[in-house]
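Readers should treat all values here as calculations from the given coordinates under stated rules, not as data from a laboratory. Source: prediction; values computed, not measured. Glycine gets a Cβ as well: all are built from the backbone with ideal geometry, and neighbour counts include every protein chain shown.
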Amino acid sequence: MNSEIIKEIACLEACNQHREIGALRDNPVEEANAQERGNEPYIDEQPSYFPPELVGHIPKNSNILYHYYLMELEQKFAYDIPVHDIVLVLRDKLEPELESLHFDLDVDRGSLTVNFKYVGVINLSTDQVLLCRRFQKTLLRVLIYHDLGSLNERMDGDILGAETDYLLIPATGKHQRPVTIDWHCVNSVLFSCKKNGEFHLNCALPKDSARIVQTEDGPVCTCLLQNSLVYTHTDQFYCTTGIMGLNANSRMQHSRGKFNTYKEYYEKQHGIKLCFEHESLVSGRPIFMVKNYLQRCRNQKEKESRMSSVELPPELCSIVMSPISINTFYSFSFVPSIMHRLESLLIAANLKMMHLDHCKQNDVLPISKVLEAITTKKCQETFDLESLETLGDSFLKYAVSKQLFKTYEDQREGVLTLEKEKIISNAALCEFGCHRKLPGFIRDESFDPKKLIIPDDRSGSALSEELLFNTRKIYIRETRKMECETVADVVEALIGAFLSSGGETSALLFMEWLGIKVDFYITPYERPFLIHAEKHLNVRHLESLLNYSFRDPSLLVEALTHGSMLREIPRDYERLEFLGHSVLDYLMTKHFYYEYPGLSPELLTDTRSASVNNDCYARSAVKWELHKHILHASQELHKQIVETSNNFEKVSSESTFGWDSETTLPKVLGDIIESLAGAILVDSGYNKEMVFGSIRPLLEPLITPETSMSHPVKELMELCQKEHYNIKETNKNCNDNDGLSSITVKVLDAKGLSLIEHTATAANGKTARKLAYKEVLKSLKESKAFSGLSASHSEISIATTSTGVQAVAKRKPVFIKVDQLTPGTQGHTLAVKVVSSKPVKVTNSKPALSSRILSRHLHPIRIAECLVGDETGTIVFTARNDQVDIMKPGATVILRNAKIEMFKGFMRMVVDKWGRVEVTELANFDVKEDHNLSLVEYELVDAIEE
């Protein structure tokens, strides 16, 4: 007898033994041996596309027609250096949606709003284009790299081949409208000390103020030195802002007693003997640091020492550009972030147009929504694809499940599940996405300003052209590694984007373009099911309970028939459960997505998962006594249902949702909620609103964002990963006769020493595992195991509690300082002052009028970002609800059992339900505001989920 026959016999025997209690699905051998789609090897080296709108070929000796846009910069914070507007010149006109583009940048001191306005067309000669290119190349290289590079390279040669072709030029002042290019500023790049020293005639200064001073490259007028970019003996760039009333013999303003005069300082510190000691010094400020202003909130003050003025001897200054103001440099320091956002939007627009080339009627999706769908969490921007992915995932599963349900009317649930996995697995979705060249459009890393492609700067890699489909072309800027799961996530997010913007028809059209062919045509549900429903069920009672009247009551019988009754009733509930599971998942996801539009992706996922699970449904089934109507012939199942029913008061008091339960519930109880949903869906002609209206009252009160909790397995894994701890599981059967499962969970430190462990026993391994993780997580939160500040492991005493938990023994709280806080730690107690408190807007739409039960459980969520600190530093504390009232600026508070969470790679301190915030006496220390721990960026590591 060969191995395949032995395997089949074993599987069938197991199936027969477990079918009595519905513990095993159909077709075990077929499911085990089936081959899924998407098994072709995936190549993780994928291109990164660059938009053709920013690429061009510039001919020599001819005028070129450009479209130009005004980028208005609105400064929403106080600073001694104001910004001014910038002109963006492009060869191609932007899509109408992008012509009025506006977005915010989070800068160190507040918010900067960028508004795009289309101005018109302009003709530029080749010489003007070359001049503008040289200007922007010089400016951006100095800002980004603090380096000039080969600026004069190719200035007099031909411009050949495809390269980035856009111009960023200073605009004239707001009082000089209509807007024009500030050619006076652009010409600053042509500055020559020799030329300006000999032929300088039009001095901007009064006659009594203007004079010639000696620079490193020669004599120049003071009007050209006081507003210029200079390069000094220390290989540093400075923006000069004025002539000072000091000279080399003046006492140093910031010497701290080390040196008396500037002359002494330069001689002893740098070995330079100043020759023009009576010449006035020049005030200069260091070049601005170019940052990614798209990813994080920078509303705290930048260290003033970093941007404070310095006093420079003119003879040590080499003028690079003049005249040019510091305002221009400050304004252009935001250009890399602005251009990256524009580049990303253009990539999204190209993806949209590529789809419309094949499906012109599906023009429903805003470009901004496409960008959201192709932006992963790794980008650390203010938006990402996760919410759309959750929505798209649920709709995809529903659409595919419905199609398979209609297509394979004679196949059992096991076959349907197998066929569904062939379509919706990550490998299959990745294959669909790669077929449509989606990987090149995906934004999968945080923007690095040094990756900005500066026109005419050949220091980076060259662009290569690629045809997408038909004649549409795009450019490849580089290749990068991309995981298969990322492509699958983007496919689901794009489905969610089309769904949220254009409805189900739009989402189906996009899926068809990908190659996932699904239709929502209503077809009769034909099956050999000749049975009188009233002989088996109290149909009227059930219809009253469901608030729905069945056209075909036999569907109600099918929905409540267990597999043990197949000898009497030709079909059990599993097919309807397969369909109902997907429709309920979709309906609940859609409900939370639209009911709470401001919900974070993590909270959306947790809230959906806590609502859509078997234990949650099982409680509702017993609550409404649906278990009394299950048609079955299994004594074991009857025993389990009776036991659950008798203990229902205890079970229902544990929690309102699934994974907080400590009791194992029979799976069939949750299954029938899903099968009833499937029955109503089919009977109503696939009317989803009818399903939600019938099933939702059974699930009330629904979970809200305030009552949702993370799964203990997921939360413990995330904590241990942050702290570099390991989790070890040991499985065993406590009592084979009782059928109980026992699981021990241990948390080990990096040295392999056991910190905490717990053994849980339950009716099945899944529940035992959940309980073990839950107790270990609770004990860790109550201990100092994650604080990183407790005594050494040799000093940690292990105690066994009455519940069987081995935990770190509690000690009196030890107060720590802010500068001791580190990522991923918790259990902290510290006294801090509240420096500032900024409310965060949380959007919650009003519940529907029909949701009266739900409305009693809704409370507005209040969040405030508070800067707190002590004499060692500051950190952002996220206050929630009642904590907001306590965290008033100027107050001193004690934070007990605080923990550090990571937000986009930056530390935030929180106090959850396991901790406490208390007002105390006013502290006598001064807060060190220039050391903000929340501005230190850490590398993010994806948490491992169950």
Put in order of increasing Cβ neighbours within 10 Å, starting from the fewest, Val370, Val89 give Val89, Val370
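Could you give the size of the charge dipole of region 533-699 about its Cα centre, using +1 on the Cβ of each K and R and -1 on the Cβ of each D and E, expressed in debye and rounded to the nearest 20?
Values: 16 positive and 24 negative charges, 77 e Å.
Approximately 360 debye in magnitude.
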Based on the Cβ-Cβ distance of Lys117 and Gln820, what FRET efficiency does E = 1/(1 + (r/R0)^6) give at R0 = 41 Å, to the nearest 0.05?
-> 0.25
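Using the number of other C-beta atoms within 10 angstrom as an exposure proxy, rank Tyr938, Tyr42 with the fewest first. Mind dumping the intermediate values first?
Numbers: Tyr938 14, Tyr42 17.
With the sparsest Cβ surroundings first, the list reads Tyr938, Tyr42.
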Across the alpha-carbon set of region 354-408, Rg over Rh with Rh taken as the Kirkwood radius works out to 1.10
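In what order do Thr589, Thr605, Thr822 fall by count of nearby beta-carbon atoms within 10 Å, going from fewest to most?
On the way: Thr589 27, Thr605 22, Thr822 16.
Fewest to most other Cβ atoms nearby, the residues stand as Thr822, Thr605, Thr589.
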Estimated inter-spin distance, Leu530 and Arg896, nm [label 7 Å along Cα→Cβ] | 7.4 nm
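Tell me the net charge near Lys397. Cut-off is 11 Å between Cβ atoms, Lys397 excluded, with +1 for each Lys or Arg and -1 for each Asp or Glu.
Numbers: positive: Lys402, Lys420; negative: Asp393, Glu421, Glu492, Asp585.
Result for the neighbourhood of Lys397: -2.
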Semi-axis lengths, Å, region 358-514, gyration tensor of Cα atoms, sqrt of 5 times eigenvalues = 33, 16, 16
Say each of Glu700 and Thr126 gets a label point 7 Å from the Cα, pointing the same way as Cα to Cβ; how far apart are those two points in nm?
-> 7.7 nm
Cα coordinate range in region 533-699, projected on the principal axes (Å, largest first) | 50, 38, 24
